[in-house]
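Undergrad: A single structure is presented below for examination.
The values are calculated or read from the model by the stated rules, or taken from the named source; none is laboratory data. Keep in mind it's a predicted model, so treat the numbers as computed, not measured. Cβ placement follows ideal geometry from the backbone for every residue including glycine, while neighbour counts extend to all protein chains displayed. In case anyone asks, the SASA skips ligands and DNA or RNA and just uses the protein heavy atoms, side chains included. Shrake-Rupley method; radii C 1.70, N 1.55, O 1.52, S 1.80 Å.
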Amino acid sequence: MCETNKSFVSMKLLFVFGFIGFVIVKGVDVELKGLENGNVTDMQYVRGRGFNYRPLMVGLTLINGAAAKGAVCLDGSLPAYHFHRGYGSGSNSWLIHLEGGGWCGTVRNCIYSKKTRHGSSYFMEKQIPFIGILSNKAAENPDFFNWNRVKIRYCDGASFSGDSQNEAARLYFRGQRIWQAAMEDLMSKGMRYAKQALLSGCSAGGLSAILHCDEFRELFPRTTRVKCFSDAGLFLDSVDVSGRRSLRNLFGSVVTLQGAHKSLPRSCTNHLNPILCFFPQHLIASVRTPLFLLNAAYDTWQIQASLAPPSADYHWNWYDCRKNYARCSSPQIQYLQGFRNQMLRVTRRFSRSRQNGLFINSCFAHCQSERQDTWHARGSPHIGNKGIADSVGNWFFDRVGVQAIGCPYPCDKTCHNLVFN
């Protein structure tokens with residue numbers, strides 16, 4: 001009887017620890033993938049959103065001279081981008097969009113990532129749809145439809161900022177070199193003649209657009225209109241539901257493993273720990289180039305991977321809320337309102353500059369510029385009488401200043417909120 005009880009207890013312990021291990025692994029998985037479906041790269045997304053036409057499909061271009069410069073993906077393969085040439089009034093205008101897709105801050109996670117499209121060009125789609133801010137249709141993308149439009153693929157796991165390697169694991173952390181090689185390649189293909197240029201990005205790419213904004217400005221003469229646009233890149237150094245800082249831990253591992261500290265803006269690293277300088281809240285006020293921030297006040301990636309990740313949600317109290325905002329309790333909504341308030345505080349100084357733009361809508365969303373239904377379509381999100389595409393265009397062309405902040409949840413009825421199964 002005693003032996004039977006011991007065996008039963010052992011089985012229970014094995015189940016419990018196995019379950020905890022599953023939760024931790026799932027938590028890491030969320031941090032690594034970063035809601036990949038928030039970044040539009042394949043036709044599966046387009047079909048899932050009910051498009052009744054085939055959007056422009058743009059082929060993959062490898063940067064053939066990159067390897068000689070050490071500019072390679074995590075697995076050593078060539079970096080790549082998708083490029084659709086502009087025409088007419090947009091022939092000398094360039095929009096460079098940086099793909100997102102999470103980060104990898106451990107050797108184990110980077111080994112996993114290098115076997116995906118976010119770590120190797122061997123796994124990248126050969127063609128992707130250009131919709132949202134990359135669309136070639138005036139009705140869908142009124143200000144940038146006929147520009148030279150480029151989507152640079154993300155395969156380094158550190159927001160195009162690392163410069164190191166792990167020889168034992170055959171991992172190459174070369175994000176900064178990829179950025180430089182891509183810029184050099186595009187300049188040789190006509191971008192050096194640009195009359196106006198916009199650097200944009202979504203999620204991890206949105207963070208990268210902030211990190212590289214002033215570098216991008218320096219590529220062009222002063223007579224060129226150059227601005228930057230970050231979508232869902234305002235990652236906050238927030239306290240999670242367990243009282244810890246999950247995202248700071250992740251960013252710390254990324255900066256340390258990938259040697260990103262060497263390429264972070266010195267205006268920040270000369271007085272702050274480099275790990276803190278991976279957070280946009282410590283960067284945006286010192287960016288010299290005009291910058292527009294688009295962010296959902298209840299960013300779904302940050303809710304899932306920073307505020308209430310499985311690794312911090314010990315009792316799974318946030319399981320339903322994390323997936324569906326409609327299932328959040330009143331105390332959970334209040335917690336999320338605190339996150340929104342933090343976002344407004346960190347952008348206060350930034351928004352005082354007339355050259356900058358701001359659009360913070362009170363939605364549960366992520367990467368709204370890459371989705372056609374949120375960028376510019378009938379019923380797309382609005383603050384007042386202005387949608388996202390109109391606001392970004394008005395700001396870029398100096399038609400009107402844009403400092404738009406939506407009222408707190410649940411008053412915004414124009415949101416396209418994300419719900420996860």
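Undergrad: Using 0.36 nm per residue of separation minus the Cα-Cα distance, give me the extension gain between Gln127 and Arg245 in nm, one decimal.
TA: 38.7 nm
Undergrad: Continuing with the same structure: Mind jotting down the three principal axis lengths of region 234-309 based on Cα atoms? Whole angstrom, largest first.
TA: Computed over the Cα atoms, the extents are 32, 29, 19 Å.
Undergrad: Pop a pseudo-label 7 angstrom from the Cα along the beta-carbon direction at both His315 and Arg399 and give the gap in nm to one decimal.
TA: 5.2 nm
Undergrad: Rounded, prolate or oblate, given the Cα gyration tensor of region 51-405, with a/c below 1.5 counting as rounded?
TA: Note, shape of region 51-405 comes out rounded.
Undergrad: Above 17 Å lies some portion of the pair distances; for region 98-168, what is it as a whole percent of all C-alpha pairs?
TA: Details: 1314 of 2485 pairs.
Here the tail beyond 17 Å accounts for 53 percent of pairs.
Undergrad: In deg cm²/dmol and to the nearest 500, what is the mean residue ellipticity at 222 nm of the chain if only DSSP H runs of at least 4 residues count, each as -39500 (n - 2.57), divided by the residue total?
TA: Using -39500 (n - 2.57) per qualifying helix, the result is -9000 deg cm²/dmol.
Undergrad: In addition: With a ≥ b ≥ c the root eigenvalues of the C-alpha gyration tensor of region 182-329, is it rounded (a/c under 1.5), prolate (a/b larger than b/c) or oblate?
TA: Cα axes put region 182-329 in the prolate bin.
Undergrad: Let me know the volume per residue of the alpha-carbon convex hull for region 86-128, in Å³.
TA: Residue-normalised Cα hull volume stands at 94 Å³.
Undergrad: Here's another thing I want to ask about it. What is the Cα centroid distance between region 177-221 and region 373-421, reported in whole angstrom?
TA: Taking the Cα centre of each part, region 177-221 and region 373-421 sit 25 Å apart.
Undergrad: Please determine, in degrees from 0 to 90 and to the nearest 10, the orientation of helix 175-188 with respect to the longest principal axis defined by the Cα atoms of the chain, where the helix direction is its Cα long axis.
TA: 20 degrees
Undergrad: Using +1 on the beta carbon of Lys and Arg, -1 on that of Asp and Glu, and nothing else charged, what's the dipole of region 51-405 about the Cα centre, debye to 20?
TA: I would put it at about 380 debye.
Undergrad: In addition: Using Cα pairs closer than 8 Å and at least 6 residues apart in sequence, work out the relative contact order for region 51-405, in percent.
TA: Rounded, it is 17 percent for region 51-405.
Undergrad: Tell me, what % of the accessible area of the chain is carbon and sulfur with a 1.4 angstrom probe?
TA: 53 percent
Undergrad: Probe of 1.4 angstrom, ligands and nucleic acids ignored: what's the accessible area per residue over the chain, in square angstrom?
TA: Values: 17620 Å² over 421 residues.
Solvent-accessible surface per residue comes out at 42 Å².
Undergrad: Here is a further query. Positive end of the charge dipole of the chain (Lys, Arg +1 and Asp, Glu -1 on Cβ, about the Cα centre): tell me which of Ile63, Phe251, Ala285 has its Cα farthest that way.
TA: Ala285
Undergrad: Another question, if that's okay. Whole-Hz Karplus ³J(HN,Hα) for region 240-250, in order, using 6.51 cos²θ - 1.76 cosθ + 1.60 and θ = phi - 60°, x for Gly and Pro?
TA: In residue order, the calculated couplings are 7, 5, 9, x, 9, 10, 4, 6, 5, 4, 5 Hz.
Undergrad: May I ask which residue of Gln355, Leu344, Ile388 lies farthest towards the positive end of the charge dipole of the chain, with charges of +1 (Lys, Arg) and -1 (Asp, Glu) on Cβ and the Cα centre as origin?
TA: Toward the positive end, the furthest listed residue is Gln355.
Undergrad: Give me a comma-separated list of calculated 3J(HN,Hα) values for region 299-307, in order, Karplus coefficients 6.51, -1.76, 1.60 applied at θ = phi - 60°, integers in Hz, x for any Gly or Pro.
TA: So the Karplus estimates, Gly and Pro as x, are 4, 5, 5, 5, 5, 6, 10, 10, 7 Hz.
Undergrad: Continuing with the same structure: At a Förster radius of 22 Å, what calculated FRET efficiency corresponds to the Cβ-Cβ distance of Ser89 and Arg54, to the nearest 0.05?
TA: It comes out at approximately 0.30.
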